[in-house]
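Here's the structure we're looking at; comments come further down.
The values are calculated or read from the model by the stated rules, or taken from the named source; none is laboratory data. Values in this document were obtained by computation on a predicted structure and should not be read as measured data. Cβ placement follows ideal geometry from the backbone for every residue including glycine, while neighbour counts extend to all protein chains displayed. Keep in mind that these areas ignore ligands, DNA and RNA; they rest on the heavy atoms of the full protein, side chains included. Shrake-Rupley method; radii C 1.70, N 1.55, O 1.52, S 1.80 Å.
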Amino acid sequence: MIPVTPTISAVNGDNTATVSGGGDPTCPADARCDDTVLVPLVAPQLTLTKTASATPWTVGVPASYTITVQNTGTAATTAVATITDTINAGITLGACPAAAAGQVVTCTIAAGLHRRSRFVIPVTPTISA
């Protein structure tokens, strides 16, 4: 048994072993001198989408952005995921459901995301936007 740990760069867990030597002159060229094990890998795959509540926005009228992270992979996430969104100057942030520092909003998604997580970021456009 050879222990292995697949990484995200692995396309799948396929692995081939080959034997040669031992006095057998046909190995490794003969088809019986190698074998492949096919192991499907499961992994999360995150897709981010950002949409506006409506277009166009009106100066001084509250609006919002919605940020959606969807896991379209074959396994739940195994670590925390972080979204960072820099809101343009001239757009005032409302009371955020996420951490905000200046114009930067940070949303955190706990490990174990199976399907999707959604954050609504309230904003109000100003005349300088």
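Brief remarks on what is shown
- Filter result (exposed (fewer than 13 other Cβ atoms within 10 Å of the Cβ) and of a type in the set (Gly, Ala, Ser)) within the stretch 105-124: Ala110, Ala111, Gly112
- Among (1) out of contact with any strand residue (DSSP E or B) (no Cβ under 6 Å at 6 or more places or on another chain); (2) among the hydrophobic types (A, V, I, L, M, F, W, C); (3) open to solvent by 80 Å² or more (accessible area, probe 1.4 Å) - the single one Leu46 does not satisfy: (1)
- Some residue of the stretch 23-39 being among the small types (Gly, Ala, Ser) and surrounded by 13 or more Cβ atoms within 10 Å (Cβ to Cβ): no
- Residue ID - farthest from Thr68 (Cα to Cα), chosen from residues in the stretch 111-129 that are in contact (Cβ under 8 Å) with a residue 40 or more places away in the chain and of a type in the set (S, T, N, Q): Thr126
- When every residue of the stretch 94-103 is checked against the conditions, none turns out to be open to solvent by 60 Å² or more (accessible area, probe 1.4 Å), of a type outside the set (S, T, N, Q) and at pLDDT 90 or above.
- Residues of the stretch 18-43 satisfying the condition of being among the hydroxyl-bearing types (Ser, Thr, Tyr) and in contact with a strand residue (DSSP E or B) (Cβ under 9 Å, 6 or more places away or on another chain): Thr18, Thr36
- The stretch 9-63, residues that are farther than 30 Å from Ile109 by Cβ and either among the polar types (S, T, N, Q) or in contact with a Lys or Arg (Cβ under 8 Å, 6 or more places away or on another chain) (or both): Asn15, Thr16, Thr18, Ser20, Thr26, Thr36, Thr58
- When Ile83, Ile67, Ile127, Ile91 are checked against the criterion of being hydrophobic (A, V, I, L, M, F, W, C), buried (at least 16 other Cβ atoms within 10 Å of the Cβ) and either over 30 Å from Leu41 (Cα atoms) or at pLDDT below 90 (or both), a single residue qualifies: Ile91.
- When the strands (runs of 3 or more DSSP E) confined to the stretch 33-112 are screened for residues that are within 30 Å of Gly22 (Cβ to Cβ), those reaching at least 2 such residues are found at 34-37.
- Residue match in the stretch 89-110 (condition: closer than 28 Å to Pro3 by Cα, within 27 Å of the chain's Cα centre (by Cα) and touching a residue at least 12 places away in the same chain (Cβ under 8 Å)): no
- Summed over the stretch 99-129, residues that are within 15 Å of Lys50 (Cα to Cα) and of a type in the set (Gly, Ala, Ser) total 1.
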